[in-house]
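Asks: I am attaching a structure below and will ask some questions about it afterwards.
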Amino acid sequence: MTLTPQWLDELRSRITLSTLIGRTVKITRAGREYKACCPFHNEKTPSFTINDEKGFYHCFGCGAHGDAIRWMTDQRGLSFMDAVKELAGEAGMEVPAPDPRAAKKAEAQASLRDVTQAAAEWFVQQLDSANGAPARDYLAKRGISEATRRAFGFGLAPGSRTALKEALKKFPTAMLVESGMLISVDDKEPYDRFRGRLMIPIRDARGRVIAFGGRILGDGEPKYLNSPDTPLFDKGRTLFNLDKASPASRQTDRVIVVEGYMDVIALAEAGIADAVAPLGTALTENQLGMLWRMVPVPLLCFDGDAAGQKAAMRAAMRALPLLRPGFSLAFATLPAGQDPDDLVRAKGAEGFAAILEEAQPLVERLWAHEVAAAPLTTPEERAALKTRLLAHADAIQDPDVRHHYREAFRERLDALFARARPERGPRVPWAPSGHQRGGGRRFLPDPRLQPPGAETRSIGEAGIAAPYIAALIGGLLRYPEALARHEEDLSRLTIGNPADAELLAAMLDNAIAQEGLDCEGLLAILEPMKVYNRATTLLRADGMHFSFTRRLEDGEGADAARETALRDLDEYIGVLVTQPEIRARLAEATADYMRTMDDEGHARQQKLRAMDEDLTRRLAALTENSQR
């Protein structure tokens, strides 16, 4: 069985080394690395370090050094192939089947690097020659010094269709085509891909030339041309300047993402070395993963024009499902019509740093984008804003992060559409006889219903789960429009009482099948069913006090009261759905902590406990709000 270097590199990149080692060794974070007492020799002071970004461990005491595969062979005692198979299963990769051609392919890929390196050296020679004077003048006008030109390996592709082909004739033509240096068209001789262009090498994380970007000199299209995808180069898995930005980011504790490689080079000229750029595409999931291995919150700095801001939002949308605690994005916006080159020329590195200081967190960028996307003058437009924002939150897979995004958006919505409320007075129990509230709201019993009976009173005696579910169903009966809006969340709820579960299922089926149902219409549909009596009972349940469990008298303030009730009901559903998930994770975290007793486990347990307590406070606040 032959495993190519590329396949092994991919395997290593998918394994988080600190997680692998942390399963059997107690590790602690130390800046951007982890430390531990070396498992290969006895020591009292930790000298064993783990670097996830570089993918290796090293002991300064005994010299033990290796990657994930070496850890499995040296520490676990596995054979090389057994180690690879176990890691591949964890990484979701298939181990290549035995294939004698694989060795030849690996050898060919190594040879392709020889091609791209030889091409890079030849392009540099052309730029340094007499024919390269116009290109050198162009670089000088762009403010790119010779030192920067040398550091980035600038070169020149002459206008000839065969110059590079002739210069690299020691390599087979098929290899030149496979490396992307030549274009092969049916019934035509292969010819140079890059002609009349300023050439910029694209390197992998190890600094090896794998592709090129070419900027045209003079008029013509496309202005920029990149190498095609090859066995060496996948533009969705490559970031320009990663090899230089990675060590620089360890000093600055940041990484800046700009739109193109000329932006990166302009920043490098200004002394800002921790910048990278995608290669002609929107940021991909793989590129985001590469950035997050460098820093928890990369800074995206795109042009202030419409195209730049659209690119920023595409990156935000791509990142949302991947967010996890501590890892996000921030967005710095350049002045309209300016790119990083313009800014550093006019205001220097300090001016650019000032822009970065004003970077918005991802949640703020999403909020600002959606608020500016459409008018907000009517209830329908405001509801549409809320729908868009919560859709963004729901795209997040991590439940903790999703919960906090929903909370952040709700807080901003409340602040944006805030209405004057009366001063809060003493809590007054709900009075079915018609206790008058501030703001012209008067809560009345539903005239269709009988007085509360024993079943209703038992809701308040059956424990916390029963009254919360009772309040939920009572609110949904009053405001059936919330059923379709929260269908997926409501379907996830676990309801212990079979009668309540059956009633909610019937409500969901009918409300979704018949849009525009109000309370009276829904009750009319349920009346022939056996769940009807339960529905009418729950409409009068007085075990909990919420704005959405009350019938409001028509008249002054009714519209505002209805909007408040719907907003509170949305909030209530979010809490009821989220809290069981948080409590399940809290139980797991507590069990893990009791087993390991490490600081990281304790911190996770306490964080989840705080989230659970926050959700409980939110439920209490909703109850208190209904008393105002």
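The values are calculated or read from the model by the stated rules, or taken from the named source; none is laboratory data. Because the structure is predicted, anything quoted here is derived from the model rather than measured. When we count neighbours, we look across all protein chains shown, and the Cβ atoms used for this are built from the backbone with ideal geometry, even at glycine. For accessibility, only protein heavy atoms count, side chains too; no ligands or nucleic acids. Shrake-Rupley method; radii C 1.70, N 1.55, O 1.52, S 1.80 Å.
Asks: Tell me the relative contact order for the chain as a rounded percent, counting alpha carbon contacts under 8 Å between residues six or more apart. Present the calculation step by step, with values, prior to reporting the outcome.
Replies: Working: 876 pairs, mean separation 45.1, N = 628.
7 percent.
Asks: Also, quick follow-up: Using the Karplus curve 6.51 cos²θ - 1.76 cosθ + 1.60 with θ = phi - 60°, what ³J(HN,Hα) values do you get for each residue of the range 500-505, in whole Hz, with x for Gly and Pro?
Replies: Values per residue, Gly and Pro as x: 5, 4, 5, 5, 5, 4 Hz.
Asks: If you stretched the chain out fully between A354 and D414, how much longer would it get, using 0.36 nm times the residue separation minus the C-alpha to C-alpha distance?
Replies: Length difference between fully extended and current span is 18.5 nm.
Asks: Limiting things to C-alpha atoms, what are the Rg and the maximum Cα-Cα separation (Dmax) for the range 157-253, in angstroms?
Replies: For the range 157-253, the Cα radius of gyration and maximum Cα-Cα distance read 15.2, 53 Å.
Asks: In 10 Å bins starting at 0, how do the alpha-carbon pair distances of the range 291-405 split up by percent?
Replies: For the range 291-405, the pair-distance distribution reads 13, 39, 32, 14, 2.
Asks: On to the next question. Describe numerically, in nm with one decimal, the distance between label points set 7 Å from Cα along Cα→Cβ at D305 and at Q606.
Replies: For the pair D305/Q606, the computed spacing is 5.1 nm.
Asks: Now a separate question. Tell me which residues come under 5 Å, amide H to amide H, from M93 once H is placed; ignore anything under 5 positions away on its chain.
Replies: Those qualifying (amide H under 5 Å, at least 5 residues apart or on another chain) number zero.
Asks: With a cut-off of 8 Å between alpha carbons and a minimum separation of six or more residues, what is the relative contact order of the range 517-628 in percent? Don't skip to the answer; put the middle values down first.
Replies: Details: 57 pairs, mean separation 36.3, N = 112.
Once normalised by length, the contact order is 32 percent.
Asks: Here is a further query. Using only the Cα atoms of the range 215-299, what semi-axes does the equivalent ellipsoid have when each is the square root of 5 times a gyration tensor eigenvalue? Give whole Å, largest first.
Replies: Gyration-tensor ellipsoid for the range 215-299: 23, 17, 10 Å.
Asks: What residues qualify as long-range amide H neighbours of R551, i.e. H under 5 Å apart, gap of 5 or more or another chain, H built at 1.01 Å from N?
Replies: When sequence neighbours closer than 5 places are left aside, the close amide H contacts are L444.
Asks: Moving to a separate point now. For the range 309-371, which trypsin sites (Lys or Arg not before Pro) pass both filters: DSSP loop (anything but H, G, I, E, B) and at most 10 other C-beta atoms within 10 Å? Write down the numbers at each step before the final one.
Replies: Numbers: sites: K310, R314, R318, R345, K347, R365; in loops: none.
For trypsin sites (Lys or Arg not before Pro) across the range 309-371 that sit outside H, G, I, E and B with at most 10 neighbouring Cβ atoms in 10 Å, the list is empty.
Asks: Leaving out ligands and nucleic acids, and using a 1.4 Å probe, what accessible area per residue does the chain come to in Å²? Each step should come with its number before you reach the end.
Replies: Values: 30280 Å² over 628 residues.
On a per-residue basis, 48 Å².
Asks: A further question follows. Once all Cα-Cα distances of the chain are split into 10 Å bins that start at 0, what whole-number percent is in each one?
Replies: Cα pair-distance distribution for the chain, in percent: 3, 13, 18, 19, 16, 14, 10, 5, 2, 0.
Asks: To continue, here is another question. DSSP loop trypsin sites (Lys or Arg not before Pro) in the range 118-179 with at most 10 other Cβ atoms within 10 Å of their Cβ, which ones? Mind showing how you got there, number by number?
Replies: Details: sites: R136, K141, R142, R149, R150, R161, K165, K169, K170; in loops: R142, R161, K169, K170.
Answer in residue order: K170.
Asks: Hey, how many Å between the Cα centroid of the range 394-412 and the Cα centroid of the range 466-484?
Replies: If we compute the Cα centre of each part, the gap is 22 Å.
Asks: What is the extension gain from E189 to E364, computed as 0.36 nm multiplied by their sequence separation minus the C-alpha to C-alpha distance, in nm to one decimal? Numbers along the way, then the final one.
Replies: On the way: separation 175, 0.36 × 175 = 63.00 nm, distance 5.43 nm.
Using 0.36 nm per residue and subtracting the Cα-Cα distance, I get 57.6 nm.
Asks: Tabulate in residue order the Karplus-calculated ³J(HN,Hα) for the range 267-280, using 6.51 cos²θ - 1.76 cosθ + 1.60 with θ = phi - 60°, rounded to whole Hz; enter x for Gly and Pro.
Replies: 5, 4, 4, 8, x, 9, 9, 9, 10, 9, 8, x, 10, x
Asks: To continue, here is another question. With each pseudo-label sitting 7 Å past Cα toward Cβ, what's the A501-A140 distance in nm, one decimal?
Replies: 8.1 nm
Asks: Shifting gears a bit: Would you work out which of M317, P399, T284 lies farthest towards the positive end of the dipole of the chain? Charges go on Cβ: Lys and Arg +1, Asp and Glu -1.
Replies: Farthest along the dipole direction, towards plus: T284.
Asks: Quick check: with the 1.4 Å probe, what order do Y191, Y57 take by accessible area, largest first? Don't jump to the answer; show the numbers that get you there.
Replies: Details: Y191 40, Y57 0 Å².
Ranking Y191, Y57 by accessible area, largest first, yields Y191, Y57.
Asks: Rounded to the nearest 20 Debye, what is the dipole magnitude of the chain about its Cα centre when Lys and Arg each give +1 and Asp and Glu each give -1 at the C-beta? Before the final figure, lay out the partial values.
Replies: Values: 82 positive and 89 negative charges, 226 e Å.
For this selection, approximately 1080 debye.
Asks: With contacts defined as alpha carbon pairs under 8 Å and 6 or more residues apart, what's the relative contact order of the range 140-243 in percent? Mind showing how you got there, number by number?
Replies: Working: 144 pairs, mean separation 24.9, N = 104.
Dividing the mean separation by the residue count of the range 140-243 yields 24 percent.
Asks: If the only charges are +1 at each Lys and Arg Cβ and -1 at each Asp and Glu Cβ, what is the size of the charge dipole of the range 1-97 around the Cα centre, to the nearest 20 debye? Mind showing how you got there, number by number?
Replies: On the way: 12 positive and 12 negative charges, 85 e Å.
Computed about the Cα centre, the dipole is about 400 debye.
Asks: How much of the calculated P(r) for the range 193-347 lies past 26 Å, in percent of all Cα pairs? Mind dumping the intermediate values first?
Replies: Values: 2794 of 11935 pairs.
Here the tail beyond 26 Å accounts for 23 percent of pairs.
Asks: Taking θ = phi - 60°, what integer Hz values does the Karplus form 6.51 cos²θ - 1.76 cosθ + 1.60 yield along the range 242-256, in sequence order, with x for Gly and Pro?
Replies: In residue order, the calculated couplings are 4, 5, 8, 5, 4, x, 5, 5, 5, 7, 8, 6, 7, 9, 10 Hz.
Asks: Would you mind telling me the share, in percent, of accessible area of the range 1-74 contributed by carbon and sulfur at probe 1.4 angstrom?
Replies: Numbers: 1920 of 3870 Å².
After summing per-atom areas, the C and S share lands at 50 percent.
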